[in-house]
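Report on the structure given below.
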Amino acid sequence: MIKSLGRLGKIQDSRSAMLVQDIEGSVGNYIKDVDGNVLLDVYCQIASIAIGYNNPGLLNLARSEKWVRASVNRPALGVFPPTDWAETLENSFLRVAPKGLNQVFTAGCGSTANEIAFKAAFMYQQTVRRGNKDFTAEELESCLLNEAPGSPDTKILSFRTGFHGTLSATRSKSIHKVDIPSFSWPVAPFPDLRYPLHENVEYNHSEESRCLDATEKLIKKWDSQVAAIIVEPIQGEGGDNHATPYFFKGLREITKRNNVLMIVDEVQTGAGCTGKFWAHEHWELDTPPDFVVFSKRLQSAGVYHNLSTRPPQPFRNFNTWMGDPIRAYQAEFMINEILTHNLAENATVVGEYLKEGLNKLSTLYPTQVSKVRGQGTFIAFDCENTEIRDKIALSMRQHGYDILMIFHKI
Ligand SMILES: Cc1ncc(COP(=O)(O)O)c(C=O)c1O
């Protein structure tokens with residue numbers, strides 16, 4: 001255990017901590033620890049830092065009167081929105097709203113934002129089913145007993161090795177789920193592509209078609225309705241698994257054909273790191289997804305959607321904070337920086353450079369570096385031999401890179 005964690009460990013489970021951070025000493029892309037080590041931060045606080053540590057513009061903003069006031073008067077946004085809330089939303093999240101979506105529901109974290117999307121999908125499907133009529137007395141009574149018809153057996157379909165925080169839809173690692181009750185929701189296969197891509201075009205196409213067929217069969221098979229599917233543009237937590245636009249376009253067509261809503265979880269892929277502000281822009285869909293979920297780099301979480309998926313009654317999709325004005329001010333500043341300095345385009349340039357280097361290493365050391373893949377700076381490679389993998393990770397840390405070293409056994 002890290003010595004300086006002793007005090008914390010007595011009062012909070014700190015077994016996942018990698019280092020104790022010197023916040024003041026961390027600057028830009030470099031994180032400093034309490035022992036004075038300065039590391040190039042390629043892990044970015046679990047992919048949640050967009051414009052570096054102690055950005056001077058953000059520090060200035062944090063000294064402003066509006067920030068100070070918001071920090072000591074946190075509003076319950078759904079009930080008491082402050083005067084500048086509409087303007088703040090327009091200047092921040094709505095400035096980069098995915099094409100075709102014009103509503104934003106702000107939230108505290110990625111898991112909550114996904115749950116908000118699930119709730120909105122369930123409410124939408126049931127509203128359509130009852131023909132936009134009011135609830136029946138039976139529905140209102142039975143939901144309090146967790147019984148149908150008020151609590152219907154509708155489902156969210158997710159993909160193998162997907163991660164969404166919400167446990168019934170998460171499929172990445174057993175350690176997140178074991179011992180916890182889950183809904184019986186369907187899981188579809190996610191393509192297992194072969195690399196290099198250009199040498200495996202035919203195989204990968206048939207693999208993606210297989211997964212699309214399986215997804216549609218699953219949707220049709222369940223006796224109760226699949227209300228929505230949820231998918232990540234790149235499965236991050238599940239091992240950096242990619243699919244091509246053909247797969248995602250196919251998913252959109254399947255959801256349209258079967259009256260199922262599509263939730264794109266951009267919690268980890270959003271805010272420019274893949275070379276576009278939203279990773280799903282790479283797919284060039286004919287119709288936008290029904291929901292796009294964000295968090296992490298944007299500091300504040302939330303869900304983009306359309307008026308059609310706003311529930312007919314208030315207070316149904318609701319919680320106390322519904323986000324935080326401070327985080328929205330922070331997002332506004334960061335979004336402006338990302339757009340003004342073309343940081344998404346820069347991610348493509350830097351990413352290509354990095355991938356080129358990794359591909360060279362892969363040619364020289366194929367057993368150590370394989371399956372080089374990525375979009376923008378969202379890049380990965382495999383190292384099949386776990387002993388060598390651990391050595392590489394340790395050596396990177398010793399050479400000044402802040403990377404996460406969790407070697408999941410399950
Ligand atoms: C794709 C994805 N969705 C949802 C979540 C959950 O977000 P949070 O940890 O903010 O609840 C994560 C977290 O890693 C994620 O990567």
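Odds and ends about this structure:
The rows are residues; the columns are (1) surrounded by 16 or more Cβ atoms within 10 Å (Cβ to Cβ); (2) of a type outside the set (A, V, I, L, M).
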| residue | (1), (2) |
| --- | --- |
| LEU307 | no, no |
| ILE338 | yes, no |
| ASN342 | no, yes |
| PRO366 | no, yes |
| VAL369 | yes, no |
| GLU384 | no, yes |
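- Candidate set: the stretch 113-165, residues that are more than 16 Å from the ligand (Cβ to nearest atom) and of a type in the set (Phe, Trp, Tyr); chosen: the one farthest from ALA228 (Cα to Cα): PHE135
- Every condition in (1) among the aliphatic types (A, V, I, L, M); (2) closer than 21 Å to VAL264 by Cα; (3) surrounded by fewer than 15 Cβ atoms within 10 Å (Cβ to Cβ) is met by LEU89 except one, and the failing one is (3).
- Residue within the stretch 17-25 that is closer than 27 Å to THR274 by Cα, exposed (fewer than 15 other Cβ atoms within 10 Å of the Cβ) and under 24 Å from the mean Cα position of the chain (by Cα) present: no
- No other residue among GLY400, GLY374, GLY351 is more than 23 Å from the chain's Cα centre (by Cα) and either over 27 Å from LEU19 (Cβ atoms) or not polar (S, T, N, Q) (or both) apart from GLY400.
- Taking each residue of the stretch 161-188 that is under 16 Å from ALA243 (Cβ atoms) and β-branched (Val, Ile, Thr) and looking for partners that are within 11 Å of the ligand (Cβ to nearest atom) and assigned to a loop (DSSP other than H, G, I, E, B) with beta-carbon atoms closer than 8 Å, six or more apart or interchain, yields THR161/SER172; THR161/GLY238.
- Boolean, TYR329 is open to solvent by less than 30 Å² (accessible area, probe 1.4 Å), assigned to a strand (DSSP E or B) and under 19 Å from PHE277 (Cα atoms): no
- The single condition from (1) of a type outside the set (A, V, I, L, M); (2) away from the ligand (no atom under 16 Å from the Cβ); (3) touching a residue at least 12 places away in the same chain (Cβ under 8 Å) that GLY238 fails is (2).
The values are calculated or read from the model by the stated rules, or taken from the named source; none is laboratory data. Because the structure is predicted, anything quoted here is derived from the model rather than measured. Please note: Cβ atoms are built from the backbone with ideal geometry, for glycine as well, and neighbour counts cover all protein chains shown. Areas reflect the complete protein model, heavy atoms only, side chains present, ligands, DNA and RNA absent. Shrake-Rupley method; radii C 1.70, N 1.55, O 1.52, S 1.80 Å.
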